[in-house]
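Report on the structure given below.
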Amino acid sequence: MSEIFEVSRLEEANHERALIYYDIFKELEKRYGKIEAIDVLRKALLKRGREFGKTLKKFSPDRFEGLYNAFAFAPDGGKMFSPKKLKCNNESLEIKFMSCPLKNAWQGIGLNNEELCTLLYCASALDEGTMEEAGFHLKIEQWKPGEEGCCRLKISKKK
């Protein structure tokens, strides 16, 4: 298979993942309310993130360059998320993702900014679980309307 075919299949899979998150969220919200929907989706994604985090433990506590290369460029060498390294030293790593396939998919189905921010907050639990399991502290600055790109991650040594 060609690389272009593989990338488009991966992009399609991430688009579908975004729509699945949205459908699950809307069903939970309809049944239990918005707060409970957020809580349930975040808990499930936190758990899923911990699985990926197991593969990144080898970079803890301070191998941030290796973490950047293994995490920021997954799963396609950086094509979908377009990571921009803002800071990287032996104390911390800051990454700004200049694109996001989830955000793009949600914008594509016409979600408003409030809905986008809610779903991005839910999806951020995946990264939280990843970094927690890998042995790092994570602070996420969520995307805000009018801002370029998507979320900014500040990863540091666990205290």
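So that you can scan it fast, the table gives a plain yes or no per residue for (1) modelled with pLDDT of 95 or more; (2) of a type in the set (Phe, Trp, Tyr); (3) surrounded by 12 or more Cβ atoms within 10 Å (Cβ to Cβ); (4) in contact with a strand residue (DSSP E or B) (Cβ under 6 Å, 6 or more places away or on another chain):
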{"site": "Asn69", "(1), (2), (3), (4)": "yes, no, yes, no"}
{"site": "Gly78", "(1), (2), (3), (4)": "no, no, yes, no"}
{"site": "Glu94", "(1), (2), (3), (4)": "yes, no, yes, yes"}
{"site": "Ala105", "(1), (2), (3), (4)": "yes, no, yes, no"}
Is segment 9-26 home to any residue that is exposed (fewer than 15 other Cβ atoms within 10 Å of the Cβ) and either of a type in the set (S, T, N, Q) or over 24 Å from Ile109 (Cβ atoms) (or both)? no
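Residues are listed down the side, and each one gets a yes or a no for (1) of a type outside the set (Lys, Arg); (2) over 25 Å from Lys34 (Cβ atoms):
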| residue | (1), (2) |
| --- | --- |
| Lys87 | no, yes |
| Phe97 | yes, yes |
| Ile109 | yes, no |
| Asn112 | yes, no |
| Asp127 | yes, no |
| Gly135 | yes, yes |
| Trp143 | yes, no |
| Lys154 | no, yes |
| Lys157 | no, yes |
Being touching a helix residue (DSSP H, G or I) at 6+ places or on another chain (Cβ under 9 Å), under 16 Å from Leu153 (Cβ atoms) and in a loop (DSSP other than H, G, I, E, B) narrows it down to one residue among Gly49, Gly78; which is it? Gly78
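Quickly run through segment 52-75 and pick out the residues that are basic (Lys, Arg) and either assigned to a loop (DSSP other than H, G, I, E, B) or free of Cβ contacts under 8 Å to residues at least 24 places away in the same chain (or both). Outline the logic, then answer.
The first filter runs over segment 52-75 and keeps only residues basic (Lys, Arg), leaving 54, 57-58, 63.
Correct list: Lys58, Arg63.
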If you go through segment 107-120 one residue at a time, how many are over 14 Å from the mean Cα position of the chain (by Cα) and on the phi < 0 side of the Ramachandran plot? 8
Only one of (1) within 21 Å of Gln142 (Cα to Cα); (2) surrounded by 14 or more Cβ atoms within 10 Å (Cβ to Cβ); (3) at pLDDT 95 or above is not met by Asn112, so which one is it? (2)
Contact list, first residue from segment 118-137 and free of Cβ contacts under 8 Å to residues at least 60 places away in the same chain, second anywhere and crowded, with 21+ Cβ neighbours inside 10 Å, beta-carbon distance below 6 Å, six or more apart or interchain, is Leu120/Trp143
Please indicate, with yes or no, whether at least one residue in segment 82-96 is touching a residue at least 24 places away in the same chain (Cβ under 8 Å), under 19 Å from Lys159 (Cα atoms) and touching a Ser or Thr at 6+ places or on another chain (Cβ under 6 Å). yes
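The values are calculated or read from the model by the stated rules, or taken from the named source; none is laboratory data. If you're wondering where the values come from, they're calculated on a predicted model, not measured in any experiment. Note that we place each Cβ from the backbone using ideal geometry, even for glycine, and neighbour counts take in every protein chain shown.
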